[in-house]
There are 2 protein chains.
Amino acid sequence: MTQPLTDVAIAQAHTLEPITEIALRAGIPPEALITFGPHKAKVDITRLPERREAGKLVLVTGMSPTPAGEGKSTVLIGLADAMTRRGLNAAAALREPSQGPVMGIKGGAAGGGYSQIVPMEDINLHFTGDFHAIAAATNTLAAIVDNHVQHGNALGIDVRRIVWQRCLDVNDRSLRGVITGLGGTAHGTPRETGFTITAASEIMAVLCLASDLEDLKARLGRLTVAFTFDGAPVTADDLGATGALAALMKEAINPNLVQTLGGTPAYVHGGPFANIAHGCNSLIATRVALDHADIVLTEAGFGSDLGAEKFFDIKARHGGLDVAGVVVVATIRSLKYNGGMARTDLTTESLDHLREGVKNLARHVANIQQFGATPIVALNLFTSDTEAEREFMRAWARDYHVALEECEVWARGGAGAEKLAQVVLDNLSKGSSPLYDPRRGVEASIEALAKRIYRADKVEYAPKALKDLAVLRENGWDELPVCISKTQYSFSDEPTALGAPTGHTLHVRELIPRTGAGFIVVLTGAVMTMPGLPARPAAEGIDIGADGKISGLF
Amino acid sequence: MTQPLTDVAIAQAHTLEPITEIALRAGIPPEALITFGPHKAKVDITRLPERREAGKLVLVTGMSPTPAGEGKSTVLIGLADAMTRRGLNAAAALREPSQGPVMGIKGGAAGGGYSQIVPMEDINLHFTGDFHAIAAATNTLAAIVDNHVQHGNALGIDVRRIVWQRCLDVNDRSLRGVITGLGGTAHGTPRETGFTITAASEIMAVLCLASDLEDLKARLGRLTVAFTFDGAPVTADDLGATGALAALMKEAINPNLVQTLGGTPAYVHGGPFANIAHGCNSLIATRVALDHADIVLTEAGFGSDLGAEKFFDIKARHGGLDVAGVVVVATIRSLKYNGGMARTDLTTESLDHLREGVKNLARHVANIQQFGATPIVALNLFTSDTEAEREFMRAWARDYHVALEECEVWARGGAGAEKLAQVVLDNLSKGSSPLYDPRRGVEASIEALAKRIYRADKVEYAPKALKDLAVLRENGWDELPVCISKTQYSFSDEPTALGAPTGHTLHVRELIPRTGAGFIVVLTGAVMTMPGLPARPAAEGIDIGADGKISGLF
């Protein structure tokens, strides 16, 4: 058997269309297109015509992720290309990859095989600079906070209660907990703080939820950076930082346009992680896509318990989006893994493990139904899948009354998702809705999610979390939606509890008001907002030739 | 009197030429142009024809900088435009502004008035992302170092001797001294370290001294990040990080092309500070400019004691550049300030202060002559300058046998530098050279600079510096050129010693091997490699309208 090509090799062998051609086909007026070289562009949102928003929105999510890989982005891209092949005016709306995981475990995040967005090297490395702009704004604000204290502290900031953290787009565990301001009075006030990864920063969420530049600016102004000695919140506005932060975001707010290998326009904008952040690409990009395409495939990171839930309860609620269909990506390998099979055995047929593991998928399907949306299971085929396993899945779908269709997007691109596209189009519906009403308070929101989505029995608050709840109430932040940070590997907050666990307890560690984003981050279990690198980082395999050609991204 | 327009207002009122037109005029082949929107581009160095390097190189430096401002970049740009007005094929090669000072004191660094490079808002804010790419590479390498220690430390890195610092493009004194790795064994090893500003980082120097992608990669591989328990240096290559770092720099290595208000092509690439780094734009950009233009105006930050010295001893030595002329920018206000006049009195005529202050200029002129180059003094006029003061300067130049010409570039652009351009062209010479021979050792190099350029009587080494010297010798780094970090305000290491001090002592605090850049950083006096923000940061005045129009940059 010949060695399959790597993702980067497939992408490099592809002849890309000029981005001006893609934009033309997408209906973006030339005067709104800011090109970044021949194959990337930003869409200047101040130069777009009135909103039309006539497109149908299809959300792609997945079963619980596993080390075996489910190919969620790959399915999304293949499905979008299948729609394009049918002659539909389709578009994809995806998140931008974070460089942290690119250098860490992933080595790239732009689909795979013949279902990729391109130029994949550029998209994976810096892209158009949005993440860096977010970090620049975040770190400039941090400098302004410490500088205010250094120069007399007129606002009376309690240095022990500076809550604004710096961020960087890097996997660096050593930055989780730091002391800054060492060296004497000329060098600031020593205090304990930390860095989050840019994908989990509040300004990332602000970018992704803003409706335009004015709204972005208003949200930046509302960022809570500290509390005074009297316990009053201090905002970016109080520090006079809002205009500068917004100026730093002037290009980042414009959605990026690239193409899939099948020539579908892809808006790739904003990249919050779905475990430790809200997990959806920008509202602006989704709206631009809906304005210009008839059908838009968008993603929410990880499963129904993370990205999809946050899509409905945070992004769609806020942006007034209706979800016409939800694709839940699953693989036989990952189902068997969730059924307790060892990772090394996954290529062996096992209906027993499949039968056990499909409970995980069933729960994701049921969760999606709770949001009033129609789930469609996309079974992403691998060569090791046996006919008996595939038949088991078809039978399961019939018994369970859920639409299921196989696809082969890695090897065949859009051609491998034509039937899936038909099933999606046949099942479009209307009237999706959020799960909980935030006006009932943060505790009620958490309880609703814990019981109905995670299927926990109860919620336990650590002492710090109880104090945080009091702060939320004091400041009138108790009616904001919640953004729960939880492991992606389990419905519970314990990563090893695979399948479809019940009877567990959700452990709430800390609640962080994100007054600019407009939600409350709820840290559960042991989840970290700054990842680390593995023993052998993907960075070790990445290289570039004298001709500028990159290798080692996959 | 009407209020003069701000720099950003003048720049915004200007109709820019498409960058494709500028590139055409500059002789850059279309296939080598990567546009970033309509008015910025990168030049793909892998797609340029063979080097021609036929242009003459004119270096613009200044007297010792003062709070009154000398307008060095403004003169450079006005002079370049004056050359263009004469029908010459001219180009400018400048540094990229750092966002730290833009948010701090400066509020912008792209010339001023009618002598600016545009689009100035973009150039001042993120530009094409080069600084962010440098920070990403720097911080990725830092993460890889700590990660190596975390996962078994196979190389035997002495955690107390990790010398690689993180960096950010922000003025943030609180990041000078930090402890990272707090929180327990899962979160790294606690250790003391710090952040430099990106403009002073080693990868910035590597970018600015590399001749092509291969050389960049070789330099990245040679970066010293730590020492082992046995005292052996550990490099980026030892950690397997070189390829990933080079991949992160794949776009940053290409010079940026913009235009002046007078339509001159301007290569704006790389931005090391001249006090705490080597202060020159990239060698690649200077070479591309020399390959395509007949006359190239380039800058070296601050005065002859900082940027210009480093230009000759580091950049020109390494790159084999010959400097055909050196413009030394001075103003009557700054001369009076250097003569002891209070800042608030500078608009009052005072020949006495001028007579005293001109000693500062005389020393810069004499310093330039030591490099075998011809100095030309550009007297940048202000409305407060009196005829008597101007006549004094003309007489001084006659007595001193130095070419001097007035210019009015802020108010009149290139038209205000036509005579200056003529004087520069009339004085072109050949055969510039470095000041010292690094093979005589680091101490000899420092002594040569201290005595001949700073006019110190002696050099004193702090205990730490003596230890550092021993490390340099042990590792065979003693014959690298030196990059002295020193205050820009004085020839000495004491910022308040204005004018032309003699008899002082140069205090060497620390020596840092930069094995990737290929020089030894010598910290003197109290100079900091991470600036702080002032009591009222420029950020407070920066804003952006709903239409995306930026204000408050100046």
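List of remarks:
- Just so you know, the Rg over Rh for segment B:373-522 is 1.09, from Cα atoms, with Rh as the Kirkwood radius.
- Over segment A:33-89, the fraction of Cα-Cα pairs per 10 Å bin, rounded to whole percents and listed from the shortest bin up, is 16, 28, 40, 15, 1.
- Along its three principal directions, the equivalent ellipsoid of segment B:498-554 from the Cα gyration tensor extends over semi-axes of 38, 19, 11 Å, largest first.
- Pairs of alpha carbons in the protein assembly as shown separated by more than 51 Å make up 23% of all such pairs.
- Pairs of Cα atoms in segment B:66-186 fall into 10 Å distance bins, from 0 up to the last occupied one, in shares of 11, 29, 24, 17, 12, 6, 1 percent.
- Averaged over the residues of peptide A:449-460, the number of Cβ atoms from other protein chains lying within 10 Å of each residue's Cβ is 0.
- Between chain A and chain B, roughly 5600 Å² of accessible surface gets buried, counting both sides and using a 1.4 Å probe.
- The share of accessible area on the protein assembly as shown that comes from carbon and sulfur is 51 percent, using a 1.4 angstrom probe.
- Accessible surface for segment A:376-474, divided over its residues, is 50 Å² per residue with a 1.4 Å probe.
- Distance distribution P(r), segment B:438-524, all Cα-Cα pairs, bin width 10 angstrom from 0: 19, 52, 25, 5 percent.
- Gyration tensor verdict on segment A:130-248 (Cα atoms; rounded if a/c is under 1.5, prolate if a/b is larger than b/c, oblate otherwise): oblate
- Inverse mean reciprocal Cα-Cα distance (Kirkwood Rh) of chain A, Å: 23.8
- Residues of segment B:103-134 whose accessible area (probe 1.4 Å, heavy atoms of protein chains only) drops by at least 30 Å² once all protein chains are present, relative to their chain alone: B:Met103, B:Leu125, B:His126, B:His132.
- Cα centroids of segment B:531-551 and segment A:516-554: 31 Å apart.
- Under a 5 Å amide H cut-off, with hydrogens placed 1.01 Å from N, B:Glu406 pairs with B:Leu379 among residues at least 5 apart or on other chains.
- Separation of segment A:320-369 from segment B:323-365 is 76 Å, based on Cα centroids.
- Distance between segment A:67-142 and segment A:16-52 - C-alpha centres, whole angstrom: 18
- D_trans [Stokes-Einstein, Kirkwood Rh over alpha-carbon pairs] for segment A:294-410, 10 °C, 1.306 mPa s, µm² s⁻¹: 106
- Positive dipole terminus of segment A:272-373, leading residue within A:Gly303, A:Gly339, A:Asn367 (C-beta point charges): A:Gly339
- Filter on A:Lys315/A:Lys430; A:Lys310/A:Lys467; B:Lys40/B:Lys310; B:Lys42/B:Lys72 - keep pairs with C-alpha separation over 22 Å: A:Lys310/A:Lys467; B:Lys40/B:Lys310; B:Lys42/B:Lys72
- Counting Cβ atoms of other protein chains within 10 Å of each residue's Cβ and taking the mean over peptide B:137-143 gives 6.
- Between helix A:463-474 and chain A: long-axis angle, C-alpha atoms, 0 to 90°, nearest 10: 70
- For the peptides B:469-476, B:313-320, the ranking by mean Cβ contacts within 10 Å, running from highest to lowest, is B:313-320, B:469-476.
- Considering only beta bridges that DSSP places wholly inside segment B:438-524, some 40 percent are antiparallel.
- Share, in percent, of DSSP beta bridges within segment B:130-248 that are antiparallel, nearest 5: 75
- Here the Karplus relation 6.51 cos²θ - 1.76 cosθ + 1.60, evaluated at θ = phi - 60°, turns the backbone of segment A:272-278 into coupling constants of x, 5, 8, 7, 9, 8, 8 Hz, with x for every Gly and Pro.
The values are calculated or read from the model by the stated rules, or taken from the named source; none is laboratory data. Bear in mind the structure is a predicted one, so any value in this text is a computation, not a measurement. Neighbour counts are summed over all protein chains in view; Cβ atoms, including those assigned to glycine, are modelled from backbone coordinates with ideal geometry. Accessible surface areas use protein heavy atoms only, side chains included; no ligands, DNA or RNA. Shrake-Rupley method; radii C 1.70, N 1.55, O 1.52, S 1.80 Å.
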